[in-house]
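The values are calculated or read from the model by the stated rules, or taken from the named source; none is laboratory data. Since the structure is predicted, the reported quantities are computational estimates derived from the model, not experimental observations. No Cβ is skipped: glycine too gets one built from the backbone with ideal geometry, and neighbour counts run over all protein chains shown. Surface areas here come from the heavy atoms of the whole protein model, side chains and all, with no ligands, DNA or RNA. Shrake-Rupley method; radii C 1.70, N 1.55, O 1.52, S 1.80 Å.
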Amino acid sequence: MTEPLVTPSRSGTMLRDAALVLGKDLRLELRSRVIINQVLPFAVLVLVLFAFALDPDRRILTQATPGLFWLAVLFSTLLALQRSFGVEAADGVTDALRLSGLDPAGIFLGKAAGIAVHLLALEVVLGLGVTLFYGATPHGPVLLVATCVAATAGLAAVGTLYGVLSAGMRVRDTLLPLLMLPVVAPVLIAATQAFAAAYDKTSGEGWRWFGLLAVFGLLYLAIGIFAFEPLLEES
Amino acid sequence: MNTDTKGPGSGAGLFRVYPGGTASRGSRTFGIVLAIATAVFLAFALLWSPPDSGANASENQMGEMVRIMYIHVPVANACYLAFFVTALGSVMYLWKKTDGWDLLAAASAEVGVVFTVLTLATGSIWGHIAWGTWWEWDARLTSTLLMLVVYLGYLALRRAILDPVVRAQRAAIVGLIAFANVPIVHYSVTWWRGLHQQATISRFDPTIDGLKLFSLLFGMLVGVGFYVWLMMHRFRLEYAEAKLESKGLDVALAERRAEAMADTAVDTTGGTLIGPKGTN
């Protein structure tokens, strides 16, 4: 009798739940500003430290810009993940999420989207940073943006998967990098190569790498959508 | 009574916990056969098969160096087999939810890590002789190293979770992802190196025939034999550990209960509030 007139489809509820979780995470960030006040400065600091390690020789720094950019993104991803799942571990939010009746796949997509939004903001700042500090003039804006989007999707999907896996463990902070970094190694390789191609104005090569990134992102998004339910159940 | 083992395929034999250790008559016989086979194999690999030189040599002309191939290839083969079994155990656990599959995946990952380290070590020794460097950023070496780290992470995750059900569930998912990741890493690393240099001379596939081919195939068989033998022991140990874990909990509960009973028995006159006084 209380059944809704139109039963929303599975994918409909999934996306609605994802939007709810994403909204929650973004609101949390707007109020606490941990990513803006802590992770963002950390990412810029990493760029400065790279300059110390490699000597402020513009030639080397410009040449290594794609790799350094993505390494900085990777390190910041770890921090953003620890923040994102630290929030869930405290006060039993994971149980609350499970009891809320939200679609697990929706929770996964929402968490991943939250991390992706944070990462994209970070990438904008880091992009400005390498242009300013390393003197790397960007070319091929379409390829750069596409690479950022595809690589971020892959990082966010893998990160969310491993984030919830290691959530609530005492060794979470040390285990997460060990689990995640070797798996996202292809993202580092492909994104670096795509950026290098864009900076060298040889975009043709770069699109191949973009293809790899897109496949990686879609694959792990699919794995996350299917694997999240058993993961939430048992935690 | 515990001497009957029906071989690696039979659950009854494998699931039995032996009081004297992880060996049974079956695994002992298998071990002796394996030891003899290893001795014969080493004779083939090190003495009887010809060096890679002269008229029948392959294009790479590896000379005596070719002999490390007889160890390296079987060991690498066994590590892929081991990780395949881990993935299989993970899938089957997610499907059937029986502990045996989880234990199989865990045991196989551990044995696989040992074989991967041996693969990297023998590959590195070969590289030192062939290229003059212990490490080359070759596609195969690099992706094997990454695979090793992924499975070290798998084992670390297993150690970090105490609840057996949660551990099995999460490990199964990581075991699956780890296996799915192998081709992605291999593909991307090959592509990455391919852009900078063409195929290096790391290829271990010279055209071989006759005694050399026989030694290699025999070595593969011995490598798989070692994997099976190690797995028999590791699996039984894993199973015994799991039993001890659950038994340990029962024993601790019983001890605690006995303590509580003793306390109440002593404390009959005091009338304190501690202990389930008067309960059965």
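Could you list, in sequence order, all residues of region B:161-172 that are open to solvent by 10 Å² or more (accessible area, probe 1.4 Å), facing chain A (nearest Cβ under 8 Å) and either within 17 Å of B:Thr98 (Cβ to Cβ) or within 19 Å of the chain's Cα centre (by Cα) (or both)?
We begin by selecting, within region B:161-172, every residue open to solvent by 10 Å² or more (accessible area, probe 1.4 Å); these are B:161-167, B:170.
Checking the rest, the ones that are also facing chain A (nearest Cβ under 8 Å) come to B:161, B:165-166, B:170.
Residues satisfying the conditions are B:Val165, B:Val166, B:Arg170.
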Practice item. Answer with yes or no whether A:Leu219 is within 11 Å of chain B (Cβ to nearest Cβ), touching a Gly at 6+ places or on another chain (Cβ under 9 Å) and either surrounded by 24 or more Cβ atoms within 10 Å (Cβ to Cβ) or at pLDDT 90 or above (or both). Key: yes
Practice item. Tell me, yes or no, whether region B:195-202 has at least one residue that is among the β-branched types (Val, Ile, Thr) and either modelled with pLDDT of 55 or more or under 23 Å from the mean Cα position of the chain (by Cα) (or both). Key: no
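For region A:128-162, how many residues are in a helix (DSSP H, G or I) and crowded, with 18+ Cβ neighbours inside 10 Å?
Selection size over region A:128-162: 21.
Right, A:Gly211: under 27 Å from A:Phe50 (Cβ atoms), more than 10 Å from chain B (Cβ to nearest Cβ) and out of contact with any strand residue (DSSP E or B) (no Cβ under 8 Å at 6 or more places or on another chain) or not? It would help to see each step written out before you state the result.
Values: under 27 Å from A:Phe50 (Cβ atoms): no; more than 10 Å from chain B (Cβ to nearest Cβ): yes; out of contact with any strand residue (DSSP E or B) (no Cβ under 8 Å at 6 or more places or on another chain): yes.
For A:Gly211, the condition - under 27 Å from A:Phe50 (Cβ atoms), more than 10 Å from chain B (Cβ to nearest Cβ) and out of contact with any strand residue (DSSP E or B) (no Cβ under 8 Å at 6 or more places or on another chain) - is not met.
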Review point. In region A:146-200, which residues are among the hydroxyl-bearing types (Ser, Thr, Tyr) and under 13 Å from A:Ala214 (Cβ atoms)?
Key: A:Thr147, A:Thr152
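Can you tell me which residue is nearest to B:Ala180 (Cα to Cα) among those in region A:203-235 that are among the hydroxyl-bearing types (Ser, Thr, Tyr) and part of a helix (DSSP H, G or I)?
Initial filter on region A:203-235 (among the hydroxyl-bearing types (Ser, Thr, Tyr)): A:203, A:220, A:235.
Keeping just the survivors that are part of a helix (DSSP H, G or I) gives A:203, A:220.
Values: A:Ser203: 29, A:Tyr220: 10 Å.
Across region A:203-235, the extreme among qualifying residues is A:Tyr220.
Determine whether A:Val34 is modelled with pLDDT under 90 and touching a helix residue (DSSP H, G or I) at 6+ places or on another chain (Cβ under 6 Å).
Working: modelled with pLDDT under 90: yes; touching a helix residue (DSSP H, G or I) at 6+ places or on another chain (Cβ under 6 Å): yes.
Criteria met by A:Val34.
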Practice item. Find all pairs meeting these conditions: Cβ atoms under 8 angstrom apart; at least six residues apart or on different chains; first residue within region A:7-22 and part of a loop (DSSP other than H, G, I, E, B); second residue at pLDDT 85 or above. Key: A:Pro8/A:Arg16
Exercise for review: Collect the residues in region A:87-117 that are open to solvent by 30 Å² or more (accessible area, probe 1.4 Å) and under 13 Å from A:Leu155 (Cβ atoms), keeping them in residue-number order.
Suggested key: A:Ala113, A:Val117
Check your understanding: If you check every pair at least six apart or on different chains, which have Cβ atoms under 6 Å apart with a residue in region A:156-172 that is facing chain B (nearest Cβ under 10 Å) first and a residue that is open to solvent by 10 Å² or more (accessible area, probe 1.4 Å) and basic (Lys, Arg) second?
Key -> A:Leu165/B:Arg170; A:Ser166/A:Arg172
Exercise for review: Give the residues of region A:127-149 that are closer than 15 Å to A:Leu74 by Cβ and within 14 Å of the chain's Cα centre (by Cα), sorted by residue number.
Suggested key: A:Thr147, A:Cys148
Point to revise | Evaluation of A:Phe226 against (1) over 21 Å from B:Val91 (Cα atoms); (2) open to solvent by 50 Å² or more (accessible area, probe 1.4 Å); (3) under 21 Å from the mean Cα position of the chain (by Cα); (4) touching a residue at least 60 places away in the same chain (Cβ under 8 Å) (one fails), failing number | key: (1)
Exercise for review: Determine whether A:Ala191 is more than 30 Å from A:Arg98 (Cα to Cα) and of a type in the set (A, V, I, L, M).
Suggested key: yes
Point to revise | Cβ pairs under 6 Å, 6+ apart, first in region B:73-89 and farther than 15 Å from B:Thr119 by Cβ, second assigned to a helix (DSSP H, G or I) and among the hydroxyl-bearing types (Ser, Thr, Tyr) | key: B:Val85/B:Ser108; B:Thr86/B:Ser108
Check your understanding: Is there a residue being out of contact with any Ser or Thr (no Cβ under 7 Å at 6 or more places or on another chain), farther than 30 Å from B:Leu148 by Cα, in a helix (DSSP H, G or I) and within 14 Å of another protein chain (Cβ to nearest Cβ) anywhere in region A:100-122?
Key -> yes
Review point. Looking only at region B:173-186, which residues are under 21 Å from B:Ser124 (Cα atoms) and either under 20 Å from the mean Cα position of the chain (by Cα) or within 9 Å of chain A (Cβ to nearest Cβ) (or both)?
Key: B:Val182, B:Val185
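Yes or no, residue by residue, for (1) away from every other protein chain (no Cβ under 11 Å); (2) modelled with pLDDT under 90:
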{"residue": "B:Thr190", "(1), (2)": "no, yes"}
{"residue": "B:Thr207", "(1), (2)": "yes, yes"}
{"residue": "B:Gly223", "(1), (2)": "yes, no"}
{"residue": "B:Trp229", "(1), (2)": "yes, no"}
{"residue": "B:Glu238", "(1), (2)": "yes, yes"}
{"residue": "B:Ser246", "(1), (2)": "yes, yes"}
Revision key, fill the gap. Subset of region B:115-141, residues more than 20 Å from the chain's Cα centre (by Cα) and closer than 30 Å to A:Val164 by Cβ, comes to none
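Every residue, every condition in (1) over 13 Å from B:Ala172 (Cβ atoms); (2) out of contact with any His (no Cβ under 6 Å at 6 or more places or on another chain); (3) modelled with pLDDT under 90; (4) polar (S, T, N, Q), yes or no:
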| position | (1), (2), (3), (4) |
| --- | --- |
| B:Ala105 | no, yes, no, no |
| B:Ser108 | no, yes, no, yes |
| B:Val113 | yes, yes, no, no |
| B:Val117 | yes, yes, no, no |
| B:Trp126 | yes, yes, yes, no |
| B:Trp137 | yes, yes, yes, no |
Check your understanding: Looking at this structure, is B:Thr119 within 14 Å of chain A (Cβ to nearest Cβ), under 20 Å from B:Val182 (Cα atoms) and surrounded by 15 or more Cβ atoms within 10 Å (Cβ to Cβ)?
Key -> no
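Is it true that B:Leu148 is assigned to a helix (DSSP H, G or I), modelled with pLDDT of 90 or more, within 14 Å of the chain's Cα centre (by Cα) and over 20 Å from A:Met169 (Cα atoms)? Give the steps one after another, and end with the answer.
On the way: assigned to a helix (DSSP H, G or I): yes; modelled with pLDDT of 90 or more: yes; within 14 Å of the chain's Cα centre (by Cα): yes; over 20 Å from A:Met169 (Cα atoms): yes.
Yes: the conditions hold for B:Leu148.
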**Study point:** First in region A:176-187 and more than 7 Å from chain B (Cβ to nearest Cβ), second anywhere and crowded, with 24+ Cβ neighbours inside 10 Å and among the small types (Gly, Ala, Ser), Cβ under 6 Å, 6 or more apart
**Key:** A:Leu176/A:Ser166; A:Val187/A:Ala151; A:Val187/A:Gly154
